[in-house]
Amino acid sequence: MDGNGRWAESRFLPRALGHQAGAETLRRIVEAAPALGLTTLTVYAFSSDNWKRPANEVTALMQLLACYLESETPNCLRDGVRLSVIGRRDRLDPALLAAVLRAEAQTRGGTRLHLRLAIDYSARDAIRRAALLSNGDALRFEPAITDVPPVDLLIRTGGEQRLSDFLLWESAYAELFFTPVLWPDFTPACLRKIVRQFQLRHRKFGALPPPPLVGQTARWLR
Ligand code: FPP
């Protein structure tokens, strides 16, 4: 969800208002996602490196996250959305942590879409922790990193073309899309267009493309 700051600055607004606009965009995308065939949606709301930002921006983001969790929980319940949070929890403000736990508990029955907010998240940190937890047991390593299937489609808005420590293990075969659209301007129509392009990509996962259909081969031999 990159580009909130630039969106605000280009309108001579404080960056926090860009994040607020970004939260509105997320509401619209979550609403549109199930109809586009998405079953799991993970969004990068706050990276572990974002603690390096000025204190006022960090505070505004943390408050916004708590508000989002409170205000969206009823909508998630109504729409069958399961909300969960990935990332470190030990550095979250107690009020935010309480909001996370409430939202997760109340929406755990949602089956239409699994919305995962990455907060104080670092993929390298998640991999390091899984390595420690699994204690050399290869079978326990992957489940210690994630409990959802690998990423199929990864979209970064805002024009940058890097992964910035996001879902590095899970994205081994993800199809990557980079768009210059700033996150607050990203619409369900933008998502629909990317999903269509994704459906046209040939995914081989390291194998060879499938052989042509028998009928086509037979015609070619004749
Ligand atoms: C990166 O854009 C975005 C973030 C660090 C925060 C993302 C947060 C939101 C979209 C809103 C809050 C989220 C929820 C779930 C309520 P940037 O600020 O780095 O933008 P810039 O690259 O234009 O400066």
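When you restrict to C-alpha pairs under 8 Å that are six or more residues apart and normalise by the size of the chain, the relative contact order lands at 24 percent.
Computed about the Cα centre, the dipole magnitude for region 4-130 is approximately 280 debye when only Lys and Arg (+1) and Asp and Glu (-1) carry charge, each at its Cβ.
Spin-label point model (7 Å from Cα, Cβ direction): what's the ASN56 to GLU142 distance in nm? Result: 4.7 nm between the two label points. With a Förster radius of 35 Å applied to the beta-carbon distance between GLN106 and LEU213, the computed FRET efficiency rounds to 0.10. When you filter the chymotrypsin sites (Phe, Trp or Tyr not before Pro) in region 1-73 for DSSP loop state and at most 11 other Cβ atoms inside 10 Å of their Cβ, you are left with PHE12.
Computed from point charges on the beta carbon alone (+1 for Lys and Arg, -1 for Asp and Glu), the dipole magnitude for region 130-216 about its Cα centre is near 460 Debye. Applying 0.36 nm per residue to the separation of ARG203 and ARG129 and subtracting their alpha-carbon distance, the gain on full extension is 23.6 nm.
Near GLY158, the amide H atoms lying under 5 Å from its own belong to THR179, VAL181, LEU182, TRP183; only residues 5 or more places off or on other chains count, and H is placed 1.01 Å from N.
Placing a label point 7 Å from the Cα of ARG192 along the Cα-to-Cβ line, the residues of region 5-47 whose backbone N sits under 17 Å from it are 28-38. Cα centroid separation, region 51-77 to region 97-130: 14 Å. Remark: the LEU77-ALA95 segment gains 4.4 nm on full extension, using 0.36 nm per residue and subtracting the alpha carbon distance.
Hydrophobic, long helices, defined as DSSP H runs whose alpha-carbon span along the helix axis is 24 Å or greater and whose mean Kyte-Doolittle value is at least 0.0, occur in the chain at 55-79. For the chain, a Gaussian network of Cα nodes joined below 10 Å ranks LEU36, LEU61, LEU200 by mean-square fluctuation, and the top entry is LEU200. Across the accessible surface of region 72-138, with the other protein chains kept in place and a 1.4 Å probe, carbon and sulfur atoms take up 53 percent. The shape of region 34-151 can be summarised by an equivalent ellipsoid whose semi-axes, obtained from the alpha carbon gyration tensor, come to 23, 21, 12 Å from longest to shortest. Rounded if a/c is under 1.5, else prolate if a/b is larger than b/c, else oblate: which is region 98-211, with a ≥ b ≥ c the root eigenvalues of its Cα gyration tensor? Here region 98-211 falls in the oblate category. Taking LYS204, LYS193, LYS52 as the candidate residues, the one with maximal mean-square fluctuation in a Gaussian network model of the chain, Cα springs under 10 Å, is LYS204.
Just need the Rg to Rh number for region 105-161, please, alpha carbons only, Kirkwood Rh. Value, to two decimals: 1.03.
Taking a sphere under 12 Å around the Cβ of GLN63 and counting the other residues whose Cβ falls inside, with K and R at +1 and D and E at -1, yields a net charge of -3.
Taking the charge dipole of the chain about its Cα centre, with +1 at Lys and Arg Cβ atoms and -1 at Asp and Glu Cβ atoms, the residue from PRO14, ASN4, PRO150 reaching farthest to the positive side is PRO150. Normalised by residue number, the volume inside the convex hull of the Cα atoms of the chain is 162 Å³ per residue.
Probing with 1.4 Å while keeping every protein chain in the model, the per residue accessible area of the chain equals 59 Å².
Is the C-alpha gyration tensor of region 1-89 telling us rounded, prolate or oblate? Criteria: a/c under 1.5 is rounded; beyond that, a/b larger than b/c is prolate, otherwise oblate. Since a/c reaches 1.5 and a/b is larger than b/c, the shape of region 1-89 is classed as prolate. The residue list TRP51, LEU38, MET62 was ranked by how far each Cα lies along the charge dipole of the chain toward its positive end, using unit charges on Cβ atoms, and LEU38 comes out on top.
Sparsely packed loop sites in region 113-222 (the chymotrypsin sites (Phe, Trp or Tyr not before Pro) outside DSSP H, G, I, E and B with at most 14 other Cβ atoms within 10 Å) comprise TYR173, PHE205.
In a simple Cβ point-charge model (Lys, Arg +1; Asp, Glu -1; nothing else charged), the chain has a dipole of about 740 debye relative to its Cα centre.
The values are calculated or read from the model by the stated rules, or taken from the named source; none is laboratory data. Owing to the predicted nature of the structure, the values given are computational and were not obtained by experimental measurement. Don't worry about glycine lacking a Cβ; one is built from the backbone with ideal geometry, like all the others, and counts go over all protein chains shown. The accessibility values were calculated without ligands, DNA or RNA, using every heavy atom of the protein model including side chains. Shrake-Rupley method; radii C 1.70, N 1.55, O 1.52, S 1.80 Å.
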